[in-house]
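What follows is a set of notes on a single structure, which appears directly below.
All of the numbers you see were taken from the coordinates with simple rules; none came from a lab. Note that the structure is predicted; figures quoted are calculated from it, not measured. Glycine gets a Cβ as well: all are built from the backbone with ideal geometry, and neighbour counts include every protein chain shown.
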Amino acid sequence: MTRLLTRKDALNESRLEAAQEPAGAAAGEVLLRLDRFALTTNNITYAAFGEAMQYWQFFPTGQAGWGQMPVWGFADVVASGVPGIEAGERFYGYFPIASHVRMQPERVTPRGFYDASAHRRTLTSAYNQYTRVSQDAAYRRELEDYQMLYRPLFLTSFMLADFLADNGFFGATRLLFSSASSKTAYGTAFCLRGQAGLALHALTSPRHRGFVAGLGCYGAVSDYAALESIDTATPTLYVDFSGDEALRERVHRHLGDALVYDCFAGSAQNTGFLREAALPGPAPAFFFAPVQIRKRNADWGPEEVNRRFHAAQQQFIDHAREPAHGWLTLVREQGFAAARERIASLAEGRAEPREGYVVRLGG
Ligand SMILES: NC(=O)c1ccc[n+]([C@@H]2O[C@H](COP(=O)([O-])OP(=O)(O)OC[C@H]3O[C@@H](n4cnc5c(N)ncnc54)[C@H](OP(=O)(O)O)[C@@H]3O)[C@@H](O)[C@H]2O)c1
């Protein structure tokens, strides 16, 4: 088994480790081989919030100071000691960057299973769930790269858009997005485009401004430096994907009473978790998609939640992968060494928003 370990206090540093593992699976266990996975800033945030949000605990390394960064991807069963799961079956889900991983499936159904390994039992169950691709209505083999890149992000986009609409946008008639070039941010804007009486205003870095304007899902785009020229008469909801504390302070001070809600949705530019600060206006409220999923499962039932999500996701992926729209160029890479370099470049903010990075470990 080969695995990639990330230094918890320097996320751009990683190392490879190889170990001998028995090839089979004991009763109650499956052995999976990771075939491919995607890398975006979200994976860096999993690591950055590894302690605060327990993300390091999904795949413990047993080595102080080193963790396994979680990724979304596809893996094949190489050995199974679990009735209802066969060698050769393929699953989508949340994996460590490792050639192989052992799991202890529970609640095995045609849809998939939950990993009930002891160290995962108390962690957020949405991440413990593995989907059997042969039973997944939304799955298409030729779209795997798009699915693993966008699905975990678009789930947040979709649920965030729903949460904001569900709350009447807290009285806002304008949403102001930071790190508007991120996939999760523009996915949210995509879900809310055309919403009557709601303006979508993007904030981004100067070098990403052209890309954001070209997306066509925001009505206005400003550089971070131009924040203070935005009007202060419109009730505004801040959708923060950057996590930048200095920017947050500027947003609060500039908008004053016009700021009706501050939604902390991401931390693309900050490896620290949300800290208390004496700011004028509403306190930042953390958005965590699994909370809204639970609410909608209770309101609509899980089948209807899935149906709505899959319909929206299909529209989004079809739009994003259309070359004429200029949203996405898939960058396909091979092997652990490529993953190491890609993680370093993402952690250092050198990634291009137009690019989507997918890594293949299998042959
Ligand atoms: N709350 C949730 O449940 C949830 C779920 C999914 C994702 N998220 C969060 O949403 C954020 C975006 O994730 P993503 O995967 O969608 O991102 P992505 O597509 O990889 O976004 C890239 C953009 O993020 C900004 N950025 C990234 N790294 C940076 C750095 N080191 N320095 C400065 N800017 C940097 C830049 O945007 P600008 O130039 O426009 O600033 C860049 O274009 C992450 O923090 C992620 O964790 C949250």
Separation of the residue 288 and residue 199 label points, Cα + 7 Å toward Cβ, nm: 3.4
Trypsin sites (Lys or Arg not before Pro) lying in DSSP loop within segment 33-101, provided at most 12 other Cβ fall within 10 Å: none
Nitroxide proxy distance, nm - points 7 Å out along Cα→Cβ at residue 311 and residue 116: 3.5
Modelled FRET efficiency - R0 25 Å, residue 61 with residue 273, Cβ distances, 0.05 increments: 0.75
Gain upon complete extension [residue 126, residue 350; 0.36 nm per residue less C-alpha separation]: 77.7 nm
Highest average packing first - 14-26, 248-260, Cβ atoms within 10 Å: 248-260, 14-26
Chymotrypsin sites (Phe, Trp or Tyr not before Pro) within segment 210-282: DSSP coil, no more than 14 neighbouring Cβ in 10 Å: none
Cβ charges +1 (Lys, Arg) and -1 (Asp, Glu), total dipole of the chain, debye: 380
Over the chain: helical MRE at 222 nm, DSSP H runs n ≥ 4 each giving -39500 (n - 2.57), nearest 500: -9000 deg cm²/dmol
Rg to Rh, two decimals, where the chain supplies the alpha carbon set and Rh follows Kirkwood: 0.97
Under-5 Å amide H pairs with residue 330, H placed in peptide plane, nonlocal only: 356
Segment 30-178 - charge dipole about Cα centre, Lys and Arg +1 at Cβ, Asp and Glu -1, debye rounded to 20: 80
Contact order normalised by residue count of the chain, Cα under 8 Å, 6+ apart, percent: 17
Paramagnetic reach from residue 137 in segment 281-323 [backbone N under 11 Å; point 7 Å along Cα→Cβ]: 303-311
Ranked list, fewest to most other Cβ atoms within 10 Å of each Cβ, for 267, 125, 222: 125, 222, 267
Using alpha carbons only: equivalent-ellipsoid semi-axes of segment 205-360, gyration tensor based, whole Å: 29, 23, 18
Pairwise centroid distance, computed over Cα atoms, of segment 252-293 with segment 61-137, Å: 32
Global geometry of segment 77-159, whether rounded, prolate or oblate, following the gyration tensor of its Cα atoms and the 1.5 cut on a/c: oblate
Rounded, prolate or oblate (a/c below 1.5 giving rounded, otherwise prolate when a/b exceeds b/c) for segment 150-291 by Cα gyration tensor: rounded
Likely footprinting exposure, 271, 131, 109, fewest C-beta neighbours within 10 Å first: 109, 271, 131
Three-way shape label, segment 185-229, alpha-carbon gyration tensor, a/c 1.5: oblate
C-alpha long axis of helix 245-255 to longest principal axis of the chain, angle in °: 30
Least to most buried among 212, 331 (fewest other Cβ within 10 Å first): 331, 212
